[in-house]
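Chemist: My questions all concern the structure below.
The values are calculated or read from the model by the stated rules, or taken from the named source; none is laboratory data. What you see is a predicted model, and the numbers here were worked out from it, not measured in a lab. Cβ atoms come from the backbone with ideal geometry, glycine included; neighbour counts cover every protein chain shown. For accessibility, only protein heavy atoms count, side chains too; no ligands or nucleic acids. Shrake-Rupley method; radii C 1.70, N 1.55, O 1.52, S 1.80 Å.
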Amino acid sequence: MELFSIKLPLIQKHDPLLEIIIQAIKDQKKTLIEGDIIVIAEKVVGTSQGRVIKLSEVENVSEQAKKLAIKYDMDERYVELILQEASMILGGMRHVILAKVNDFLIANAGIDQSNAGIGSVVLLPNNLKEVVWNYWKELRAEFRINKFGVIIADSRVQPLRKGTIGIAIATAGFEPIEDLRGQPDLFNRPMEITMRAVADDLASAAQFLLSEADQQTPVVIIRDSNVEFTENPKLTPEMPPEECLYMNIFSKYLLKKQEED
């Protein structure tokens, strides 16, 4: 498998991101070919959608945001945006709130302060599933290819592990999950629960090259990844909270905490 990054100019609010990506690929004497997957950092997608907010423009901060801001030592305006973006707040620690957004858990509802400009933040992109499939259609047509995938990626932390890894928050053109249930292991026993997070694995590999800092490489092309390309994926990475190990434990812990309080 081969990965290489694409350098972009600084993306501003409402820039035509897809046009810029296409031109950058051509200017850097590269192209997209059959079997490629392009990984795009969510921040440049959100920025191009105009999802950059000045904290000074955040008004009507709720009492809940004020309480959480004090509890977790955060700017109450930032916390207000987190509450607006999240469907659930699970808890937090100093400077960080764990939130559920778009069927996945992410720190601070995915709202990023880095590279947003002083006093500003970037929200997660809107309409992720629609956007990723539109990118897939336009890039596939532009480069005249059939087997092709798109990932919009972010980073996340894992329980009891330092550092961040990649997460594919939206995908198009390939199976994001490989279901290995029922296949034999080395001792010919059928596997019962194993499902490989193909899209997240690819997003993590791309994290080595994805950079929105001074390198300005928020796009990575993955070649020869040996995934199953399809226009109609059978599986999605999301799962119901009741089937998730962490959510089951979190919910029981939160319920117990509420009863104690």
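Chemist: If each DSSP helix of 4+ residues adds -39,500 (n - 2.57) and the sum is divided by the residues in the chain, what number results at 222 nm, nearest 500 deg cm²/dmol? Spell out each step's value before the answer.
Modeler: Values: 7 runs with 79 residues, N = 261.
-9000 deg cm²/dmol, from helical runs alone.
Chemist: Calculate, for the stretch 60-140, the solvent-accessible area per residue in square angstrom, rolling a 1.4 angstrom probe over the heavy atoms of the protein chains. Mind showing how you got there, number by number?
Modeler: On the way: 4240 Å² over 81 residues.
About 52 Å² of surface per residue is accessible.
Chemist: Compute the Cα gyration tensor for the chain, then decide on rounded, prolate or oblate, letting a ≥ b ≥ c be the square roots of its eigenvalues: rounded whenever a/c is under 1.5, prolate when a/b is larger than b/c in the other cases, and oblate in all that remain. Mind showing how you got there, number by number?
Modeler: Numbers: a/c = 2.27, a/b = 1.18, b/c = 1.93.
Oblate, because a/c is 1.5 or more while a/b does not exceed b/c.
Chemist: Counting chymotrypsin sites (Phe, Trp or Tyr not before Pro) as exposed when in a DSSP loop with at most 14 other beta carbons within 10 Å, what is the longest stretch of the chain free of them? Intermediate values should be presented prior to the final figure.
Modeler: Numbers: sites that count: PHE187, PHE208.
Counting at most 14 other Cβ atoms within 10 Å as exposed, the longest clean stretch of the chain is 1-186.
Chemist: Could I ask something else about it? Output the pairs from LYS7/LYS29; LYS30/LYS147; LYS7/LYS43; LYS100/LYS162; LYS7/LYS234; LYS43/LYS129 with a Cα-Cα distance over 22 Å in this structure; if there are none, say none. Display every interim value, and only then the final one.
Modeler: On the way: LYS7/LYS29 12 Å; LYS30/LYS147 17 Å; LYS7/LYS43 15 Å; LYS100/LYS162 20 Å; LYS7/LYS234 33 Å; LYS43/LYS129 15 Å.
Violating the 22 Å limit, Cα to Cα: LYS7/LYS234.
Chemist: Expressed as a whole number of Å, what is the distance separating the alpha-carbon centroids of the stretch 230-244 and the stretch 1-49?
Modeler: Here the answer is 26 Å between Cα centres.
Chemist: Hey, another quick one. For the stretch 1-103, which GluC sites (Glu not before Pro) pass both filters: DSSP loop (anything but H, G, I, E, B) and at most 15 other C-beta atoms within 10 Å? All intermediate terms of the calculation are to be shown ahead of the outcome.
Modeler: Working: sites: GLU2, GLU19, GLU34, GLU42, GLU57, GLU59, GLU63, GLU76, GLU80, GLU85; in loops: GLU34, GLU59.
Counting only loop positions with at most 15 other Cβ atoms within 10 Å, the GluC sites (Glu not before Pro) in the stretch 1-103 are GLU34, GLU59.
Chemist: May I ask which residue of VAL61, GLY91, LEU81 lies farthest towards the positive end of the charge dipole of the stretch 54-98, with charges of +1 (Lys, Arg) and -1 (Asp, Glu) on Cβ and the Cα centre as origin?
Modeler: Projecting each Cα onto the dipole axis, the largest value belongs to GLY91.
Chemist: Moving on to the next point. Two decimals is fine: what's Rg over Rh for the stretch 11-102, C-alpha atoms, Kirkwood radius as Rh? Intermediate values should be presented prior to the final figure.
Modeler: Values: Rg = 18.3 Å, Rh = 15.9 Å.
So for the stretch 11-102, dividing Rg by the Kirkwood Rh gives 1.15.
Chemist: Considering only protein heavy atoms and a probe of 1.4 Å, how much of the accessible area of the chain is carbon and sulfur, as a whole percent? Mind dumping the intermediate values first?
Modeler: Working: 7580 of 15250 Å².
Of all accessible area on the chain, carbon and sulfur atoms account for 50 percent.
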